[in-house]
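J.: This is the structure I want to talk about, given as structure tokens.
The values are calculated or read from the model by the stated rules, or taken from the named source; none is laboratory data. Keep in mind that this is a model prediction, so the values were computed, not measured. Neighbour counts are summed over all protein chains in view; Cβ atoms, including those assigned to glycine, are modelled from backbone coordinates with ideal geometry. Heads up: the accessible areas ignore ligands, DNA and RNA and are worked out on the full protein's heavy atoms, side chains in. Shrake-Rupley method; radii C 1.70, N 1.55, O 1.52, S 1.80 Å.
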Amino acid sequence: MATIELQNLRHSYVPEPKGPEDYALKHMNFTWKDGGAYALLGPSGCGKSTLLNIISSLVTPSEGKVLFDGRDVTPLTPDQRNIAQVFQFPVIYDTMTVYNNLAFPLKNRGFSRQRIEERVREIAGLLEIEPLLQQRAANLSPDNKQKISMGRGLVRDDVNVIMFDEPLTVIDPHLKWKLRSKLKELHQSVQTTMIYVTHDQTEALTFADEVVVMEEGQVVQIGTPVELFEKPAHTFVGHFIGSPGMNILPAEMNGDGPSFHGTAVPVANPPARLEGNERLEIGVRPEFVRFARKGESGLPVEVLKTTDTGRYRLVFARAGDTKLHAILPEDESEAPTGQAEVIFDPERTRLYADGWLLEN
Ligand code: ADP
Ligand code: MG
């Protein structure tokens, strides 16, 4: 196990990068704590695999260093870095039995016969592939091949980090859920640092203690699932995480506080100081939007439709040109139709400048 530090990292696949758009990874300083269960979450193309491959040394960064426990490992090979990596598609030896596929990384490292037997049985049990151990890998289903591939990543307990790059892509949906909770279980028992890459928020939030959210080559927030939900550091995080995501309304300053189309909207972080040329937005999750009661006044909206999920009601509305979602508990009275007014929970409503949460 090791603490992994990324120092002043930058990466471009272009030989002579010019602007920031030429960088697959923008300037980055980041530390992965020893023993952490991390998810690296972001949309396709945001640089997740690039970052993972830099940690494993499949990609050499254009700038910056990778340190394991304070030691510069940038020039070292994947083998020398002592890491395990599981890819999106199975990497296995077709001609070997399942048993030998799992045993191979251990044999390579000179583990004893007995230790190999123990670990192979343990991992095969965890992945529910014991009945396949004596079969040749060649004829197995894609699901089973990927399980073996994951097993090969998990079998060594002496690695610095185990990294998974969207490993469940080829796995059947019902199995996905099971494997994900097994991985979590396994992390709790071995405590090896794990980095799990995915573009799927559910996968990220169920696996990880800490989620690292990336967008366009940069880390925009690191936090527990609760932190990402409660206090998105960037409108991207608010929008990307949550179902539906955070409402984002263009705002302007009116006196001390922000307003939307002339209606003042109290926020938890009224800005102490602004340059004046920032792009301001108000962010509030649908969970913290409610309809004004008699005698209250709020933000005028037009209710477009309401759907009932059985657990809550989801209201689709529009404030001017801006779409707005509200999630109402089941027990509340009828959701209004047509013209209505909404109120945002001021403790859960925040102001963003150029996408970033304003500190106050
Ligand atoms: P993700 O894993 O989040 O989908 P990647 O790290 O694969 O993202 O890609 C980040 C960016 O770098 C994308 O724009 C992608 O097209 C580009 N890229 C990735 N790998 C290469 C490569 N080998 N050569 C050139 N460009 C690449
Ligand atoms: Mg990728």
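J.: When the chain is treated as a GNM, springs tying every alpha-carbon pair under 10 Å, which of Asp143, Asp321, Asp22 comes out with the largest mean-square fluctuation?
T.: Residue with maximal mean-square fluctuation among Asp143, Asp321, Asp22: Asp321.
J.: Next question, about the same structure. Which of Ala204, Ala39, Ala317 moves the most in a Gaussian network model of the chain with Cα springs under 10 Å?
T.: Per the Cα network of the chain with a 10 Å cutoff, Ala317 tops the list.
J.: Sort all Cα-Cα distances of the range 4-147 into consecutive 5 angstrom bins from zero, then give the percent of pairs in each bin up to the one containing the longest distance.
T.: Final binned percentages: 2, 8, 15, 16, 16, 13, 13, 10, 6, 2, 1, 0.
J.: For Gln7 and Glu334, what does the FRET efficiency come to when R0 = 45 Å and r is the distance between their Cβ atoms, rounded to the nearest 0.05?
T.: On the way: r = 57 Å, r/R0 = 1.27.
Efficiency, from the Cβ-Cβ distance: 0.20.
J.: Suppose R0 equals 41 Å; then what is the FRET efficiency for Phe316 and Ser189 from their Cβ-Cβ distance, rounded to the nearest 0.05? Display every interim value, and only then the final one.
T.: Numbers: r = 44 Å, r/R0 = 1.08.
That pair, Phe316 with Ser189, gives E of 0.40.
J.: Same structure again: So for the range 4-233, taking the charge dipole from beta-carbon charges (+1 Lys/Arg, -1 Asp/Glu), which of Ile162, Gln221, Asn144 sits furthest toward the positive end?
T.: Selected residue: Asn144.
J.: Same structure again: Can you compute the charge dipole magnitude of the chain about its Cα centre, using +1 on each Lys and Arg Cβ and -1 on each Asp and Glu Cβ, nothing else charged? Give it in debye, rounded to the nearest 20. All intermediate terms of the calculation are to be shown ahead of the outcome.
T.: Working: 38 positive and 49 negative charges, 241 e Å.
Charge dipole, the chain, about its Cα centre: 1160 debye, nearest 20.
J.: Moving on to the next point. If each residue of separation counts as 0.36 nm, what is the full-extension length gain between Ala292 and Arg273 once their alpha-carbon separation is subtracted?
T.: Answer, rounded to one decimal: 3.8 nm.
J.: State, in angstrom, two size descriptors of the range 192-257 derived from its alpha carbons: Rg to one decimal place and Dmax to the nearest whole number.
T.: 13.9, 52
J.: Further, regarding this structure: When the C-alpha atoms of the chain are aligned to their principal axes, what extent does each axis show, in angstrom, from largest down?
T.: Cα extents, longest axis first: 77, 49, 31 Å.
J.: Out of the DSSP beta bridges found with both residues in the range 105-257, what percent are antiparallel (nearest 5)? Display every interim value, and only then the final one.
T.: Working: 6 of 11 bridges.
For the range 105-257, the DSSP antiparallel bridge percentage is about 55.
J.: Got a number for carbon plus sulfur as a percent of the chain's accessible area, 1.4 Å probe?
T.: 49 percent
J.: To the nearest µm²/s, what D does Stokes-Einstein give for the range 131-244 at 4 °C and 1.567 mPa s, using the Kirkwood radius over alpha carbon pairs as Rh? Let's see the in-between values first.
T.: Details: Rh = 15.7 Å.
D, rounded to a whole number, is 83 µm²/s.
J.: Report the local net charge at Leu25: Lys and Arg +1, Asp and Glu -1, summed over other residues whose C-beta lies under 14 Å from its C-beta.
T.: Numbers: positive: Arg10, Lys26, Lys48, Lys65; negative: Glu21, Asp22, Glu63, Glu215, Glu216.
The answer is -1.
J.: Let me ask you something else. Net charge near Gly298: determine it from the other residues with C-beta under 10 Å of the C-beta of Gly298, scoring Lys and Arg +1 and Asp and Glu -1. Each step should come with its number before you reach the end.
T.: Details: positive: Arg290, Arg293; negative: Glu296, Glu341.
Charge balance in the 10 Å sphere: 0.
J.: When the chain is treated as a GNM, springs tying every alpha-carbon pair under 10 Å, which of Ile327, Ile195, Ile241 comes out with the largest mean-square fluctuation?
T.: Of Ile327, Ile195, Ile241, the Gaussian network model singles out Ile327 as fluctuating most.
J.: Among Thr306, Val267, Ala317, which residue has its Cα furthest toward the positive end of the charge dipole of the range 243-357, with +1 on Lys/Arg Cβ and -1 on Asp/Glu Cβ?
T.: Checking the options against the dipole of the range 243-357, the answer is Thr306.
J.: By how many nm would the segment from Asp256 to Arg115 grow when fully extended, if each residue of separation counts as 0.36 nm and the alpha-carbon distance is taken off? Don't skip to the answer; put the middle values down first.
T.: Details: separation 141, 0.36 × 141 = 50.76 nm, distance 6.72 nm.
So the chain would gain 44.0 nm between Asp256 and Arg115.
J.: Given 37 °C and 0.692 mPa s, how large is the Stokes-Einstein diffusion coefficient of the range 1-82 in µm²/s, with Rh as the Kirkwood radius over Cα pairs?
T.: Working: Rh = 13.2 Å.
It comes out at roughly 248 µm²/s.
J.: Report, in deg cm²/dmol and to the nearest 500, the calculated mean residue ellipticity at 222 nm for the chain, where each DSSP H run with n ≥ 4 adds -39500 (n - 2.57) and the sum is divided by the residue count.
T.: On the way: 9 runs with 89 residues, N = 360.
About -7000 deg cm²/dmol.
J.: While we're here: Given the alpha-carbon gyration tensor of the range 257-360, what are the semi-axes of its equivalent ellipsoid in whole angstrom, ordered largest first, with each equal to the square root of 5 times an eigenvalue?
T.: Details: eigenvalues 142, 37, 31 Å².
Taking √(5λ) for each eigenvalue gives 27, 14, 12 Å, largest first.
J.: What does the charge count around Ala353 come to, taking other residues whose C-beta lies under 15 Å from its C-beta (Lys +1, Arg +1, Asp -1, Glu -1)? Spell out each step's value before the answer.
T.: Values: positive: Arg273, Arg279, Arg350; negative: Glu252, Glu275, Glu278, Glu281, Asp354, Glu359.
Net local charge, Ala353 excluded: -3.
J.: Next up: Which FRET efficiency value, to the nearest 0.05, do you get for Gln134 and Gln80 by plugging their Cβ-Cβ distance into 1/(1 + (r/R0)^6) with R0 = 41 Å?
T.: On the way: r = 33 Å, r/R0 = 0.82.
The value I calculate is 0.75.
J.: Still on this structure, please answer the following. Kindly report the accessible area of the chain per residue (heavy atoms of protein chains, probe 1.4 Å, no ligands, DNA or RNA), in Å². It would help to have the intermediate numbers written out before the result.
T.: Numbers: 17330 Å² over 360 residues.
Ligands and nucleic acids excluded, the result is 48 Å² per residue.
J.: Among DSSP beta bridges lying fully in the range 4-233, give the percent that are antiparallel, nearest 5. Could the numbers behind the result be given before it?
T.: Details: 18 of 36 bridges.
So the antiparallel bridges amount to about 50 percent of the total.
J.: Next question, about the same structure. Given 4 °C and 1.567 mPa s, compute D for the range 274-314 with the Stokes-Einstein relation, Rh being the Kirkwood radius over Cα pairs; round to the nearest whole µm²/s.
T.: Values: Rh = 13.7 Å.
Translational D for this selection: 95 µm²/s.
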